[in-house]
Amino acid sequence: MDFVIIDIHGHYTTEPRQLHQFRAAQLRGEAPSAAALSSEVSDDEVRESIEGNQLRVLRERGGDLMLFSPRASGMAHHEPDASIANSWAQASNDMVHRVSNLFPEQFVPVAQLPQTPAGNLDGVLAELRRSVEDLGFVGANLNPDPSGTWAGLPLTDPSWFPIFEAAEDLNVPLMAHVSTASNPNFHTLGSHYLNADTNVFMQLLPSDLFRRFPGLRLVIPHGGGAVPYHWGRYRGLAMRNDWQDPSELLRNVYFDTAVYHQPGFNLLVDVIPASNVLFASEMLGAVRGADPETGTEWDDTLTYLRASEQSQDDWDAITHENALRVYPRLAARLAGGDL
């Protein structure tokens, strides 16, 4: 199938009630089985959760394929118990894997990792390998702030390196996506997400991370937070402090288009080269409904992309070519006829 529009950022925000019940039982101190959960949810329940929601909207807007991961705010990496985190990530990933099996032409899975404030490195590496090697996932979401309070170490700290080594070995990109904020100063969706996008870029700017990991690919969601708006600030800081120019990061860093109004979308595609922009909507996520001034659904980013009047080459790059390059396991899946 010749895909025209690939949305690289979707979450399973319409999960069956049994998944929420599983999580509630975990947090009560019980130990429900991730394997048993699958038998409690029928295929019809999974289909029903998708057909009238993400699948319907994807088709109505003209999209073809979505990379699909568990609910980001539900990852809740601030919870400290590693065994709970491992089981929760397995249950969540198994659920999006079922979606991709039931709708193989529309949804391809991306993993949640069982991070905790203390790291849980062994669990993270095991689930990354299980999801990619055993289940065919094409990428993973990596939370740069599992504490939810910015109490941890930056992504450039060596404590993160084993994850980057595994991502290089598996040839999968990582989306730098936080989860729930556990500090009341941060609104999870309104500030914490966008602060994280900005903070990740700033952590990378003075670092040599990509000299150490030249094959590592990071996707910064939500249009990069403040990065495109303040590109001049980052260039100026780099010159003042003798850091690399921010454009050098574009060998390894990409931005998605989950930006929810036309001027902001236009800024993103004007500042960041088309080769580093990947189409995304994060549909049925943080913002739902329509802008009363325009009548456009807030997360209908395909409308904004069309209105930005890209050249054909840039349109092709943003809508699918970049996705196939940044997610080579997705490209292999499509080329192999698995869909």
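Points worth noting:
- Modelled FRET efficiency - R0 45 Å, ASP245 with VAL4, Cβ distances, 0.05 increments: 0.85
- Rounded to the nearest 5, the antiparallel percentage of DSSP beta bridges internal to the chain is 5%.
- Paramagnetic reach from LEU125 in segment 156-172 [backbone N under 11 Å; point 7 Å along Cα→Cβ]: 161-167
- In this simple spin-label approximation, ASN101 and ALA35 carry label points 7 Å from Cα along the Cα→Cβ vector, and these lie 1.4 nm apart.
- Simple spin-label estimate for ALA274 and HIS20 gives 4.3 nm between the two label positions (7 Å along the Cα-to-Cβ direction from each Cα).
- One quarter of the surface of the convex hull around the alpha-carbon atoms of the chain equals 16.6 nm², the direction-averaged projected area.
- Gain in span if fully extended, ARG233 to GLN262, counting 0.36 nm per residue against the direct Cα distance: 8.2 nm
- The helix-only estimate of mean residue ellipticity at 222 nm for the chain, built from DSSP H runs of length n ≥ 4 each weighted as -39500 (n - 2.57), is -11500 deg cm²/dmol after division by the residue total.
- Debye intensity ratio I(q)/I(0), log10, segment 24-142, q values 0.14 Å⁻¹ (C-alpha model): -0.60
- With at most 12 neighbouring Cβ atoms within 10 Å, loop GluC sites (Glu not before Pro) (DSSP) excluded, longest segment of the chain: 106-292
- Spin-label pair LEU324/ASP208, simplified geometry with 7 Å Cα→Cβ offset, distance in nm: 3.7 nm
- Our estimate of slack between THR296 and SER83, defined as 0.36 nm per intervening residue step minus the Cα-Cα distance, is 72.4 nm.
- Model label zone, THR156; criterion: amide N under 13 Å from point 7 Å along Cα-to-beta-carbon; scope segment 177-217: 199-212
- Relative contact order for the chain, counting Cα pairs under 8 Å that sit 6 or more residues apart, in percent: 18 percent
- Gain on full extension, evaluated as 0.36 nm per residue between ALA118 and ARG306 minus their Cα-Cα distance, stands at 63.3 nm.
Laboratory data are not the source of any read-out in this text; all were calculated from the coordinates shown. Bear in mind the structure is a predicted one, so any value in this text is a computation, not a measurement. Cβ atoms come from the backbone with ideal geometry, glycine included; neighbour counts cover every protein chain shown.
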